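Remarks on the structure that follows.
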Amino acid sequence: MIDLTNKTALVTGAGGGIGAATAKVLAENGADVVITDIVDSIEQVAADVENRGGAALAHEMDVTDEAAVDDVVEAAQTEFGSIDILANVAGIFPTHTLEEMTKDDWRTVIDINLNGTFNCTSAVYPVMKEQGGGRIVNISSAAGGQIGWSGDLSHYAASKGGVLGFTRSAALDLASDGISINAIIPGLIDTGAPQAVATEEELEAGIQMTPVGRMGEPEEVANAVAFLGSDAASYVTGAALVVDGGYTKV
Ligand code: NAP
């Protein structure tokens, strides 16, 4: 039973497919949600959260901007008094072969996907420590540890592999503060983002290689975030939960 009543969650990338679904599923399970992203759609997500019975606070926040992250953490505490769940969802996955990849391409992906996860985690950590616990959920990728996926995603794979290593090691660090930190490894999820970088043929090949025979829905990842953010996962930390329709088991 997942019960997030009286919990406050901060979700990054909450204007996107998985992030918006996460905000809504957390609210359906009783949480109040701080909705952050660099896109305008956070206002609509805030309305959706409120329609599901949760209080919502929408804030523009770039995960690479340390001052902005600190401001949002402070605003969340002022509004709700605690931050119980941090869902690090914000991410980008542009494609570049190594030959065409510039140093800026590399740095941008690492900065948003890996450093952004660190920035938000380290800003929320003192709050969770002070309140005696919390749950952090990071979004990795099958490309970050399970498979190569595609030759033009080496910066992305490095960033998502970094998220997995960070999660495992930080779990040892944070356990004595009552804070769990886990990762989710999604497969191909139907958010529009894979469609933006892959051809129709590549997507169809990915679906063919997925034993359940379809892309995942954003809500199917969000449900895993809700589980790892809840007391139902009280003995789970440093784990990586694969949500991929069996893709990486073939
Ligand atoms: P999405 O719809 O593009 O959502 C990601 C959101 O993060 C977007 O709103 C994006 O804004 C935002 N964002 C980008 N840079 C940011 C920054 N610096 N600060 C704050 N927000 C920023 O993608 P998604 O499919 O939901 O993916 C969500 C997460 O799941 C990502 O970390 C992704 O790597 C991971 N993932 C996705 C899949 C999949 O198949 N969809 C598979 C494995 C892992 P813009 O639209 O302006 O970029």
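Looking only at segment 25-50, which residues are within 15 Å of the ligand (Cβ to nearest atom), within 19 Å of Val73 (Cα to Cα), of a type outside the set (A, V, I, L, M) and open to solvent by 10 Å² or more (accessible area, probe 1.4 Å)?
Result: Asp37, Glu43.
For Ile92, only one of the following conditions fails: (1) closer than 23 Å to Leu188 by Cα; (2) surrounded by fewer than 16 Cβ atoms within 10 Å (Cβ to Cβ); (3) among the hydrophobic types (A, V, I, L, M, F, W, C). What is its number?
That leaves (2) as the condition not met.
Give me the pairs, please: first residue somewhere in segment 211-237 and closer than 18 Å to Gly134 by Cα, second residue anywhere and open to solvent by 50 Å² or more (accessible area, probe 1.4 Å) and of a type in the set (Gly, Ala, Ser), beta-carbon distance under 7 Å, and either six or more positions apart or on two chains.
Short answer, once both residue conditions are applied: Thr237/Ala175.
Would you list the helices (runs of 4 or more DSSP H) that sit entirely within segment 161-233 and hold 1 or more residues that are in contact with a Ser or Thr (Cβ under 7 Å, 6 or more places away or on another chain)? Write out each step before concluding.
Details: elements: 193-197, 200-208, 218-228.
The helices (runs of 4 or more DSSP H) meeting that bar are 193-197, 218-228.
If the requirement is being at pLDDT 95 or above, within 11 Å of the ligand (Cβ to nearest atom), under 30 Å from Gly246 (Cα atoms) and open to solvent by 50 Å² or more (accessible area, probe 1.4 Å), which of these qualifies: Asn138, Asn115?
Working: Asn138 fails: open to solvent by 50 Å² or more (accessible area, probe 1.4 Å).
So the residue among Asn138, Asn115 that is at pLDDT 95 or above, within 11 Å of the ligand (Cβ to nearest atom), under 30 Å from Gly246 (Cα atoms) and open to solvent by 50 Å² or more (accessible area, probe 1.4 Å) is Asn115.
Val34 - would you say it is under 23 Å from Thr121 (Cβ atoms) and in contact with a Cys (Cβ under 8 Å, 6 or more places away or on another chain)?
Details: under 23 Å from Thr121 (Cβ atoms): yes; in contact with a Cys (Cβ under 8 Å, 6 or more places away or on another chain): no.
Answer is no for this residue.
What helices (runs of 4 or more DSSP H) completely inside segment 44-147 contain at least 2 residues that are in contact with a Gly (Cβ under 9 Å, 6 or more places away or on another chain) and within 20 Å of Val225 (Cβ to Cβ)?
Numbers: elements: 66-80, 103-109, 116-131.
Those helices (runs of 4 or more DSSP H) span 116-131.
Which one is surrounded by the fewest Cβ atoms within 10 Å (Cβ to Cβ), of the residues in segment 175-190 that are over 17 Å from Asn88 (Cα atoms) and more than 16 Å from the ligand (Cβ to nearest atom)?
Across segment 175-190, the extreme among qualifying residues is Ser176.
Using the structure shown, decide if Ile85 is closer than 24 Å to Asn6 by Cα and either in contact (Cβ under 8 Å) with a residue 12 or more places away in the chain or of a type outside the set (A, V, I, L, M, F, W, C) (or both). Talk me through it step by step, then tell me what you get.
Values: closer than 24 Å to Asn6 by Cα: yes; either in contact (Cβ under 8 Å) with a residue 12 or more places away in the chain or of a type outside the set (A, V, I, L, M, F, W, C) (or both): yes.
Criteria met by Ile85.
Checking the structure you have, find out if any residue of segment 226-245 is within 26 Å of Thr5 (Cα to Cα), charged (D, E, K, R), modelled with pLDDT of 95 or more and open to solvent by 60 Å² or more (accessible area, probe 1.4 Å).
The answer is yes, given that some residue of segment 226-245 is within 26 Å of Thr5 (Cα to Cα), charged (D, E, K, R), modelled with pLDDT of 95 or more and open to solvent by 60 Å² or more (accessible area, probe 1.4 Å).
The values are calculated or read from the model by the stated rules, or taken from the named source; none is laboratory data. What you see is a predicted model, and the numbers here were worked out from it, not measured in a lab. Here the Cβ is made from the backbone with ideal geometry for all residues, glycine too, and neighbour counts use every protein chain on show. Keep in mind that these areas ignore ligands, DNA and RNA; they rest on the heavy atoms of the full protein, side chains included. Shrake-Rupley method; radii C 1.70, N 1.55, O 1.52, S 1.80 Å.
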